[in-house]
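**Student:** Mind looking over this structure? Questions follow.
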Amino acid sequence: MTIQFHKETFRGEYSFHNSERAIKRFPFPFDKDSYMYAVNMEQHRGGPADSVYEKRFDVDEHYVSEMEDRALVLADDPLRCQSLPHMTLAGWDLLELIMVSKSEDYPELFELHRDGDQWRWVNKPLGIDDTFTFMDETTLPYGPMEYITRQTQGDFCVLDQRDDNLWMDAGTVTTQADWSLDFDIGMNFFEWHAPVPLAHEKGIFVRALKFLLNIQQGAPARRLNWTMTVNPLLDTSPENYHKWGIQKTTLTPENIGSKQHLRVELQTFFRLPRSNALVFPIRCYLCSFDDLMTVPKWGRRLHRVIRDLPVELATYKGFIDNRPMMLDYLSKFDDGQPTSLGIWPDLETEPPLKVVRSS
Amino acid sequence: MSGAEKIAVRVTEVAPLNELVTRFRFEPVSGGLLPTFSGGAHTVVEMRDGDITRLNPYSLMSDPFDRSAYTISVRRDDEGRGGSKFMHTNVSVGDEMVISNPVNLFSLDLRATKHLMIAGGIGITPFLAQIKQLDRAHGNWELHYACRSEALGSYVDYLTTTHPNDVNIYYDDQSQAIDLDTLLDGQPLGTHIYVCGPKGMIDWVRAKAAEIGWPREAVHYEEFLAPQPGKPFEVKLAVSNKVIQVGEQESLLEAIERAGVDAPYLCRGGACGQCETDVVQAEGEIIHRDHWLEDSEKAGDAKIMPCVSRFEGKVLVLDR
Ligand code: HEM
Ligand code: FES
């Protein structure tokens with residue numbers, strides 16, 4: 001199916017919107033009616049047709065606008081993209097991985113022509129046609145990681161693997177859920193996860209790290225994570241908290257359906273061959289409550305998950321103050337009927353919403 | 001399925017180097033390109049020896065950027081359980097084999113200002129690939145390579161001709177030995193040590209480095225243990241509800257696989273931790289031979305690494 005790229009903004013007047021198709025393929029993160037942190041990882045080897053799992057690097061209708069937003073953030077704050085000197089080789093690995101994957105998965109949008117070390121990269125949606133020498137930084141306008149991540153949706157952490165740990169030694173991070181690359185740069189897996197509640201005690205990070213250290217070339221993995229964002233903002237960084245934090249107080253019962261967004265991160269993990277580093281793309285998808293409620297199963301489930309979520313998680317994710325208002329809204333979409341297992345919308349098989357008596 | 005992704009390859013060269021070591025070259029059966037890898041990576045080679053399937057890890061020694069072929073060098077071990085003997089006697093040019101995608105448990109620390117490599121015997125192989133990788137990036141390295149004799153010095157000629165200033169050779173039979181004290185003492189700040197060779201050599205280098213206060217994370221080592229033969233024993237697999245016999249010449253992991261139970265692994269040499277298995281009950285002695293479990297875990301007998309460890313005693317029940 002051809003993709004119609006939107007012209008839209010993630011700031012100012014917030015013209016971001018999802019098409020019907022985008023809503024249907026939204027990666028709803030709850031496979032049952034409750035949520036708790038877990039080592040929820042699986043292989044990243046495709047998925048149902050047109051789902052966000054299908055391709056190695058999903059390209060959707062927001063691609064062009066997201067890349068414009070990234071360019072704005074980087075112009076404002078160059079420290080959102082950093083690479084310690086020993087990570088350049090990993091940057092080339094990442095550039096190759098993305099160029100090969102995208103040109104194979106979306107041949108109508110991207111082309112890669114290789115003649116030895118002479119590479120030509122064509123990115124039609126962004127109007128780029130560059131020829132460069134692989135492994136020669138002087139032939140690109142930016143370092144290899146920055147060059148390719150300016151053309152790929154999602155944040156990227158590039159982790160060096162040594163001493164049985166992972167180290168955040170490079171990344172491009174402009175669409176993050178309230179954490180900072182500049183703060184985390186050089187930290188290891190346990191250090192950058194220190195602020196997360198409950199998961200350490202449950203031993204989740206020890207097991208997750210063991211899994212990640214063993215991720216092999218050609219066998220990538222993935223997981224979903226989620227949070228809440230008021231207004232379709234990509235850049236919810238601590239650096240700009242003063243700009244977006246206050247927007248959380250603008251929520252009213254009248255505007256919550258259009259302003260409140262469920263923010264889902266599709267996180268994938270790939271071993272990089274030349275550097276033995278690991279790359280961790282964090283792809284952010286936003287969907288307004290109003291749009292989510294068009295899927296009856298998701299309406300029922302989201303209400304139950306948010307209602308029963310432990311206080312620690314609602315606090316860490318930053319929506320504890322707005323939770324009562326969210327529940328008022330969501331309860332209208334929960335008629336008490338059972339839900340099917342799994343994250344898919346199941347529009348054909350799940351019953352439509354019965355009228356809910358207002359309480 | 002367990003282990004890394006598999007690749008079907010054809011043997012395109014079998015080159016005996018000396019009395020003990022033979023080099024093998026693999027090219028993809030599909031005719032395409034092999035995955036790139038990083039210096040220090042190994043591949044697990046599958047050997048179909050009658051009804052027995054052996055899976056042995058070997059370091060990749062070819063240029064990591066050369067995707068047309070991989071090469072490995074195999075040292076014949078007449079005492080071992082036959083994996084290396086199989087390679088030497090049963091594998092010839094034209095044979096099709098299955099190998100795994102590269103896995104690196106011995107990668108270069110690219111922050112190092114200098115890479116100091118210490119090799120013993122067949123332990124030279126991962127360094128051959130690392131040197132090619134570093135040369136391309138103009139890295140700073142130095143190799144100290146101990147061999148038994150000139151006759152058994154695999155790749156000595158190649159190394160001394162291509163890198164006369166960076167390579168130092170020591171022959172045991174000429175009573176030449178690495179002067180480790182002086183060597184470690186004279187290194188610039190930010191040097192990382194890499195050692196690959198017999199267990200005695202690895203222990204010696206690690207102990208010396210620790211003694212003079214070298215940071216632990218700047219000392220890297222790789223030793224693949226070949227599973228050793230031992231007395232046969234019986235194991236109960238609690239999850240799959242099977243009782244299996246482990247023969248004298250096979251590892252516990254191989255016996256589990258032979259019984260049709262899929263068990264995780266990567267290195268099959270006691271190094272990666274992937275095969276770690278909980279012990280439900282043990283009346284007897286677990287013979288821990290891996291590098292993975294901490295000493296306290298080994299003493300506790302609550303875990304076992306089936307790729308290299310064995311058991312002697314009455315009852316062993318595993319959570320598998
Ligand atoms: C190497 C890959 C990974 C990177 C770079 C990474 C990075 C991060 C960062 C920067 C945060 C925000 C921490 C903060 O508040 O400052 C975070 C949160 C978190 N991470 Fe990871 N992570 C990785 C892998 C994983 C894995 C494999 C798990 C598996 C369980 C995991 C579980 C979590 C959880 C549960 C949170 C809290 C998220 C929330 O509630 O919104 N992470 N991670
Ligand atoms: S398979 Fe690697 S330790 Fe057993």
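**Student:** Does segment B:226-276 come out rounded, prolate or oblate by the C-alpha gyration tensor, with a ≥ b ≥ c the root eigenvalues, rounded set by a/c under 1.5 and, if not, prolate when a/b is larger than b/c and oblate if not? Walk me through the intermediate numbers first.
**Tutor:** On the way: a/c = 2.22, a/b = 1.13, b/c = 1.96.
Oblate is the answer for segment B:226-276, as a/c is 1.5 or above yet b/c matches or exceeds a/b.
**Student:** Pairs of alpha-carbon atoms within less than 8 angstrom and 6+ residues apart define the contacts here; what relative contact order does segment B:1-55 have, in percent? Each step should come with its number before you reach the end.
**Tutor:** Numbers: 47 pairs, mean separation 12.4, N = 55.
Computed over segment B:1-55, the figure is 23 percent.
**Student:** Among the listed pairs A:Lys32/A:Lys354; A:Lys243/A:Lys332; B:Lys208/B:Lys303; A:Lys24/A:Lys124; A:Lys259/A:Lys332, give every one whose C-alpha distance is greater than 22 Å.
**Tutor:** A:Lys243/A:Lys332; B:Lys208/B:Lys303; A:Lys24/A:Lys124
**Student:** How much length is gained if the chain between B:His163 and B:Glu211 is pulled fully straight, taking 0.36 nm per residue apart and subtracting their Cα-Cα distance, in nm to one decimal?
**Tutor:** Details: separation 48, 0.36 × 48 = 17.28 nm, distance 3.09 nm.
Contour length minus Cα-Cα distance gives 14.2 nm.
**Student:** Starting from the Cα of A:Arg307, move 7 Å in the Cα-to-Cβ direction to define the label point; list residues of segment A:12-56 whose amide nitrogen is under 13 Å from there.
**Tutor:** A:33-34
**Student:** Which far-off residues, 5 or more places away or on another chain, put their amide H under 5 Å from the one on B:Gly3, with H placed in the peptide plane?
**Tutor:** Those qualifying (amide H under 5 Å, at least 5 residues apart or on another chain) are B:Tyr265.
**Student:** Mind checking which of B:Val93, B:Ser30, B:Val14 is farthest towards the positive end of segment B:6-104's charge dipole, using Cβ charges of +1 (Lys, Arg) and -1 (Asp, Glu) about the Cα centre?
**Tutor:** B:Ser30
**Student:** Which percent, to the nearest 5, of DSSP beta bridges fully inside the protein assembly as shown are antiparallel? Could you put the intermediate results ahead of the total?
**Tutor:** Values: 94 of 118 bridges.
Of all bridge pairs located within the protein assembly as shown, approximately 80 percent are antiparallel.
**Student:** Averaged over its residues, how many other protein chain Cβ atoms are within 10 Å of peptide B:103-116's Cβ atoms?
**Tutor:** Details: counts 5, 7, 3, 1, 6, 5, 5, 13, 8, 1, 0, 0, 0, 0.
The mean count of partner-chain Cβ atoms within 10 Å per residue comes to 4.
**Student:** Return the distance in nm (one decimal) between the two label points of a simple spin-label model at B:Ala151 and A:Arg114, each offset 7 Å from Cα along Cα→Cβ.
**Tutor:** The modelled label-to-label distance comes out at 4.5 nm.
**Student:** Tabulate in residue order the Karplus-calculated ³J(HN,Hα) for segment A:113-123, using 6.51 cos²θ - 1.76 cosθ + 1.60 with θ = phi - 60°, rounded to whole Hz; enter x for Gly and Pro.
**Tutor:** So the Karplus estimates, Gly and Pro as x, are 10, 10, 10, x, 8, 8, 10, 10, 10, 10, 10 Hz.
**Student:** While we're looking at this one, here's another question. In terms of modelled amide H atoms, which long-range or inter-chain residues lie less than 5 Å from the amide H of B:Gln281?
**Tutor:** Amide H to amide H, under 5 Å and 5 or more residues apart or across chains, B:Gln281 pairs with B:Val317.
**Student:** Something else now. Run the numbers for A:Asp182 and A:Glu137: contour at 0.36 nm per residue of separation, minus the present Cα-Cα distance, in nm.
**Tutor:** On the way: separation 45, 0.36 × 45 = 16.20 nm, distance 2.30 nm.
13.9 nm is the gain from fully extending A:Asp182 to A:Glu137.
**Student:** While we're here: Through the Karplus equation 6.51 cos²θ - 1.76 cosθ + 1.60, θ set to phi - 60°, convert the phi angles of segment B:262-278 into ³J(HN,Hα) values in whole Hz; use x for Gly and Pro.
**Tutor:** With the stated coefficients, segment B:262-278 comes to 7, 10, x, 6, 9, 8, 6, x, x, 10, 8, x, 5, 8, 2, 10, 6 Hz.
**Student:** Please state the charge dipole magnitude for segment B:6-104, taken about the Cα centre, from unit charges on C-beta atoms (+1 on K and R, -1 on D and E), reported in debye and rounded to the nearest 20. Could you put the intermediate results ahead of the total?
**Tutor:** Numbers: 11 positive and 13 negative charges, 27 e Å.
Result for segment B:6-104 is approximately 120 debye, rounded to the nearest 20.
**Student:** Next up: What's the magnitude of the charge dipole for the protein assembly as shown around its Cα centre, counting Lys and Arg as +1 and Asp and Glu as -1 at the beta-carbon? Answer in Debye, nearest 20. If you can, show how the numbers build up before the last one.
**Tutor:** Values: 70 positive and 101 negative charges, 314 e Å.
Here the protein assembly as shown has a charge dipole of around 1500 debye.
**Student:** Taking a ≥ b ≥ c as the square roots of the eigenvalues of the Cα gyration tensor of segment B:6-104, is the shape rounded (a/c under 1.5), prolate (a/b larger than b/c) or oblate?
**Tutor:** Working: a/c = 1.56, a/b = 1.40, b/c = 1.12.
Since a/c reaches 1.5 and a/b is larger than b/c, the shape of segment B:6-104 is classed as prolate.
**Student:** Only Lys, Arg, Asp and Glu count, each charged at its Cβ (+1, +1, -1, -1), so figure out the dipole size of segment A:135-234 about its Cα centre, rounded to 20 debye.
**Tutor:** Values: 7 positive and 13 negative charges, 119 e Å.
Charge dipole, segment A:135-234, about its Cα centre: 580 debye, nearest 20.
**Student:** Let me ask something additional. For a footprinting-style exposure proxy, rank A:Arg300, A:Arg70, A:Arg307 by other Cβ within 10 Å, fewest first.
**Tutor:** Arranged by neighbour count, lowest to highest, A:Arg300, A:Arg70, A:Arg307 become A:Arg307, A:Arg300, A:Arg70.
**Student:** I would also like to ask the following. Report the gain in length on full extension from B:Glu96 to B:Gln187: 0.36 nm times residue separation, minus Cα-Cα distance, nm rounded to one decimal.
**Tutor:** Using 0.36 nm per residue and subtracting the Cα-Cα distance, I get 28.2 nm.
**Student:** Sequence gap at least 6, Cα distance under 8 Å: using those rules, report the relative contact order of chain B to the nearest whole percent. Spell out each step's value before the answer.
**Tutor:** Numbers: 687 pairs, mean separation 49.7, N = 320.
Dividing the mean separation by the residue count of chain B yields 16 percent.
**Student:** Once the Cβ-Cβ distance between A:Ile246 and A:Lys32 is put in as r, and R0 is 25 Å, what FRET efficiency do you end up with, to the nearest 0.05? Mind dumping the intermediate values first?
**Tutor:** Details: r = 34 Å, r/R0 = 1.38.
Efficiency, rounded to the nearest 0.05: 0.15.
**Student:** What residues of segment B:206-250 lie in the reach of a label at B:Glu285, counting those whose backbone N is under 15 Å from a point 7 Å from the Cα along Cα→Cβ?
**Tutor:** Residues B:230-232 fall inside that zone.
**Student:** Another one. Please pull out the direction-averaged projected area of segment A:177-260, using the convex hull of its alpha-carbon atoms, in nm² to one decimal place. Mind dumping the intermediate values first?
**Tutor:** On the way: hull surface 31.4 nm².
The Cα convex hull of segment A:177-260, projected and averaged over all directions, gives 7.8 nm².
**Student:** So, one more: Given A:Ala219, B:Gly284, B:Asn241, which one lies farthest toward the positive end of the charge dipole of the protein assembly as shown, if we put +1 on the Cβ of every Lys and Arg and -1 on the Cβ of every Asp and Glu?
**Tutor:** B:Asn241
**Student:** Under a 5 Å amide H to amide H cut-off, with H placed in plane at 1.01 Å, what residues pair with A:Val230 once short-range neighbours are removed?
**Tutor:** It is A:His261, by chain and number.
**Student:** By how many degrees, between 0 and 90 and to the nearest 10, does the Cα long axis of helix A:63-76 differ from the longest principal axis of chain A?
**Tutor:** Value to nearest ten degrees: 70.
**Student:** Check each of the GluC sites (Glu not before Pro) in segment A:160-264 and keep only those in coil by DSSP with at most 12 other C-beta atoms within 10 angstrom; list them in order. List each step's numbers first, then the result.
**Tutor:** On the way: sites: A:Glu191, A:Glu201, A:Glu239, A:Glu254; in loops: A:Glu201, A:Glu254.
Filter output for segment A:160-264: A:Glu201, A:Glu254.
**Student:** Report relative contact order for chain A in percent, whole number only (criteria: Cα-Cα under 8 Å, sequence separation at least 6). All intermediate terms of the calculation are to be shown ahead of the outcome.
**Tutor:** Numbers: 609 pairs, mean separation 71.6, N = 359.
Reported as a whole number, the value is 20 percent.
**Student:** For the protein assembly as shown, what is the calculated [θ] at 222 nm in deg cm²/dmol (nearest 500), taking -39500 (n - 2.57) for each run of four or more DSSP H residues and dividing by its residue count?
**Tutor:** -6500 deg cm²/dmol
**Student:** Rg to Rh ratio, the protein assembly as shown, alpha-carbon atoms and Kirkwood radius? The partial results should precede the final answer.
**Tutor:** Details: Rg = 27.7 Å, Rh = 27.7 Å.
Ratio of gyration radius to Kirkwood radius for the protein assembly as shown: 1.00.
**Student:** How large is ³J(HN,Hα) for each residue in segment A:2-10, as worked out from phi by the Karplus curve 6.51 cos²θ - 1.76 cosθ + 1.60 (θ = phi - 60°), to whole Hz, x for Gly and Pro?
**Tutor:** For segment A:2-10, the Karplus-derived couplings read 7, 9, 8, 6, 6, 9, 7, 10, 10 Hz, x marking Gly and Pro.
**Student:** Compute the angle between helix A:204-213 and the longest alpha-carbon principal axis of chain A, please, reported from 0 to 90 degrees and rounded to the nearest 10.
**Tutor:** 30
**Student:** For segment A:240-260 and segment B:198-238, what is the separation of their Cα centres, given in Å?
**Tutor:** The distance from the Cα centre of segment A:240-260 to that of segment B:198-238 comes to 57 Å.
**Student:** Right, something else. What residue among A:Ser237, A:Met145, A:Val73 has its Cα farthest toward the positive end of the dipole of chain A, where the charges are +1 on Lys, Arg and -1 on Asp, Glu, each on the Cβ?
**Tutor:** A:Ser237
**Student:** Among A:Ser34, A:Ser275, what is the fewest-to-most ranking by other Cβ atoms within 10 Å? Don't jump to the answer; show the numbers that get you there.
**Tutor:** Working: A:Ser34 11, A:Ser275 26.
Fewest-to-most Cβ neighbours within 10 Å comes out as A:Ser34, A:Ser275.
**Student:** While we're here: Rg and Dmax in Å for segment B:114-222, alpha carbons only: what are they?
**Tutor:** 13.2, 37
**Student:** Could I ask something else about it? Order of A:Trp226, A:Trp298 from fewest to most other C-beta atoms within 10 Å? Working shown, then result.
**Tutor:** Working: A:Trp226 17, A:Trp298 26.
The order, fewest Cβ neighbours first, is A:Trp226, A:Trp298.
Quick note: the coordinates plus some simple rules give every number you see, no bench work behind them. Bear in mind that the values here come from a model prediction, so they are computed numbers and not experimental data. Virtual Cβ from ideal backbone geometry, glycine too; neighbours counted across all protein chains shown.
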